[in-house]
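Notes follow the structure.
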Amino acid sequence: MAEWIKSTMEALGYGGIALLMFLENLFPPIPSELIMPLAGFTAHEGRLNFQYVVLAGVLGTMVGTLPWYYAGKILGEPRLRVLADRYGKWLGMSGEDIDRANHWFYRHGNVTVLLCRLVPGVRTVISLPAGISEMPIGSFMLYSTVGTTLWVSLLTYAGYILGSNYELVDQYLAPVSKIVLVVVLLAFGVWLWRKQRSKKQL
């Protein structure tokens, strides 16, 4: 994976960065935690401009969010769950991932789109509940762009600072993303428990 990302970036430059980040949103197993730090390292070596690297990453990501947004809007939650459970292994996504993103969205509202762009493991699938709930496309793009710019800038800067050790970003974020997902699931479990308890009291 790392060699393919590197060769694509070397061959296509900024276009390669945009393409990789676009694909990262369509196929979550392609990690932005490796793409953007590598791009930051390339900028550190003077082969690419830092600002253009960030811009390419943001543009590729934003275009990549749209297929999932419209999939949610057109197909709806029940069909998406069936498709995710059936073909999810090819997309790196399951029905549980869709449920998790839905819970984030319905609990925190539109700002969830911004926040989840900063959360590995959730940042891609959050476009689905936004589409399912028919969030206005203007608001979706605004919140997504702000969150994506923060995420891409952070990863690119980390790669720029770390230099040839840019792969450490992915190594450190991988366990962090798992911890975040566990915390999200626990928080949702507590929320469900409180909700059921309040219903029983009524």
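Any read-out appearing in this document is the output of simple, stated calculations on the displayed coordinates, not a laboratory observation. Computed from a predicted structure; not experimentally measured. FYI the Cβ positions are ideal-geometry reconstructions off the backbone, even for glycines, and counts take in every protein chain you see.
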Report summary line: Rounded to the nearest 0.05, FRET efficiency between Glu134 and Val63 (Cβ-Cβ, R0 30 Å) equals 0.90
Report summary line: Checked segment 5-64 with the C-alpha gyration tensor, a ≥ b ≥ c its square-rooted eigenvalues, rounded below a/c of 1.5, otherwise prolate if a/b is larger than b/c and oblate if not; verdict prolate
